[in-house]
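Q: Can you keep this structure in mind? I'll have questions shortly.
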Amino acid sequence: MPRTVLVTGAESGIGAACAVAFGAEGDRVAIGYYADEDAARVSAAAVVAAGGDAMIVQCHVDSEQSVDQAFIAIEERWGTVSVLVNSAGRNMSGVLVRDMALPQWENLLSTDLTGAFLTSRRFLRARGAGSAPAAIIHISSIHAYAVRAGGADYCAAKGGLSRLVETLAIEEAPNGVRVNAIAPGMILTPMNAHAETDATYRRSLERNIPLGRAGTADEVADLAVFLASTKANYITGAQMVIDGGLSLMRGLGA
Ligand SMILES: NC(=O)c1ccc[n+]([C@@H]2O[C@H](COP(=O)([O-])OP(=O)(O)OC[C@H]3O[C@@H](n4cnc5c(N)ncnc54)[C@H](O)[C@@H]3O)[C@@H](O)[C@H]2O)c1
């Protein structure tokens, strides 16, 4: 029985890989995109090629109205969404707190934290009594717990996301909804464009990763598919780290 899946940020990177991975499971996948409709169509074609069904839907996760309209469009076509993968996000600014303008802080928080709140809430409100089991997966980051100078906006958003996921997990467990986060380390996507295109720079970063390389979006997508599956039926409120061991290296220099 195909599931109805919404992936946000699905026109790029980890979101696009997740969409294709759910397509390969035979699911109906809504490609939630921000602005690049052409890229969303490419993701949709890849989902179909993988064996799934696809539609594209604009979904600005930081807008209550946009999130609502996206869910309505999916519900009209396929019915209630039973898997939400929220991958939409912006990268850290690299600006120290003392220099950070308020709009920078607010933009990051509104996407990476409020976006998770708005998409989760709309997902949950569509479910009636006796709804089938369902899963929410938010793409967080190892920066939820491993801070970096210049990343206060991002680290605060992802750190807050951890607490949101845990709270949702206990609130929704009685309703059959499992809520988990995935915390990737360095993954080669457009968010890491510099590392994707500059091999010397990439190798300088990969030296810090025990497994010796950056991860791929497909590897993150495999974890999302697992977390949404019945094989993960007893997992909720977890933050699954996928970083090649990178965040274990914090003791260096101690
Ligand atoms: N790439 C990495 O190394 C890495 C590491 C840890 C965590 N992550 C997280 O993974 C997620 C996906 O990142 P990615 O690497 O695929 O980057 P990406 O830039 O390829 O994809 C992010 C997508 O989010 C979309 N987006 C941005 N703001 C949005 C908004 N307000 N509403 C809807 N969509 C919006 C962008 O248009 C883009 O398509 C992010 O949450 C990111 O923080 C990435």
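The values are calculated or read from the model by the stated rules, or taken from the named source; none is laboratory data. Because the structure is predicted, anything quoted here is derived from the model rather than measured. Note that each Cβ is placed from the backbone with ideal geometry, even for glycine, and that neighbours are counted across all protein chains shown. Just so you know, the surface numbers come from the protein's heavy atoms only, side chains and all, with ligands and any DNA or RNA stripped out. Shrake-Rupley method; radii C 1.70, N 1.55, O 1.52, S 1.80 Å.
Q: Probe radius 1.4 Å, ligands and nucleic acids left out: which of K158, K231 has the largest accessible area, and how do the rest follow?
A: Largest to smallest exposure gives the sequence K231, K158.
Q: If you don't mind, another one. Long-range amide H contacts for A146: which residues qualify at under 5 Å (H placed 1.01 Å from N, peptide plane, sequence gap of 5 or more or a different chain)?
A: The answer is none.
Q: At 7 Å along Cα-to-Cβ for each site, give me the label-to-label distance between D198 and R250 in nm.
A: Here the answer is 2.7 nm between the modelled labels.
Q: With +1 on each Lys and Arg Cβ and -1 on each Asp and Glu Cβ, how big is the dipole of segment 4-109 about its Cα centre, in debye rounded to the nearest 20?
A: Value, rounded to 20: 220 debye.
Q: Assign unit charges at the C-beta atoms only (+1 for Lys and Arg, -1 for Asp and Glu), then state the dipole size of the chain relative to its Cα centre in Debye, rounded to the nearest 20.
A: For this selection, approximately 620 debye.
Q: Rounded to the nearest 10 degrees, what's the angle between the helix 115-125 long axis and the longest principal axis of the chain, both from Cα atoms, 0 to 90?
A: 20
Q: Let me ask another. At a 1.4 Å probe radius, carbon and sulfur cover how many percent of the accessible area of the chain?
A: Working: 6430 of 11990 Å².
Ligands and nucleic acids excluded, carbon and sulfur give 54 percent.
Q: I'd like the Karplus ³J(HN,Hα) series for segment 61-73: coefficients 6.51, -1.76, 1.60, θ = phi - 60°, whole numbers in Hz, and an x wherever there's a Gly or Pro.
A: Taking θ as phi minus 60°, the curve returns 5, 8, 10, 4, 5, 5, 4, 4, 4, 5, 4, 4, 4 Hz for segment 61-73.
Q: Additional query: From the C-alpha gyration tensor of the chain, pull out the three semi-axes of the equivalent ellipsoid (sqrt of 5λ each), sorted largest to smallest, in whole Å.
A: The equivalent ellipsoid of the chain has semi-axes of 28, 20, 19 Å.
Q: Between E171 and L102, what is the spin-label point distance in nm, taking each point 7 Å from the Cα along the Cα→C-beta axis?
A: The two pseudo-label positions are separated by 2.7 nm.
Q: In a shell of Cβ-Cβ distance under 14 Å around G26, excluding G26 itself, what net charge do Lys and Arg (+1) and Asp and Glu (-1) give?
A: That works out to -1.
Q: Taking the Cβ-Cβ separation of N208 and I235 as r and a Förster radius of 25 Å, what is the calculated FRET efficiency to the nearest 0.05?
A: Working: r = 28 Å, r/R0 = 1.13.
Efficiency computed from Cβ-Cβ geometry: 0.30.
Q: Over the Cα atoms of segment 166-254, each weighted equally, I'd like the Debye log10 I(q)/I(0) at q = 0.18, 0.26 Å⁻¹, rounded to two decimals.
A: Values, matching the q order: -0.85, -1.22.
Q: Mind checking which of L168, V95, A50 is farthest towards the positive end of the chain's charge dipole, using Cβ charges of +1 (Lys, Arg) and -1 (Asp, Glu) about the Cα centre?
A: Going by the charge dipole, the pick is L168.
Q: If you average the sequence gap of Cα pairs under 8 Å that are 6 or more apart and divide by the length of the chain, what percent do you get for the contact order? Show your work: numbers first, answer last.
A: Working: 526 pairs, mean separation 47.5, N = 254.
19 percent.
Q: Could you list which residues have their amide H under 5 Å from that of Q58, counting only those 5 or more apart in sequence or on another chain, with H placed in the peptide plane?
A: Correct list: Y33.
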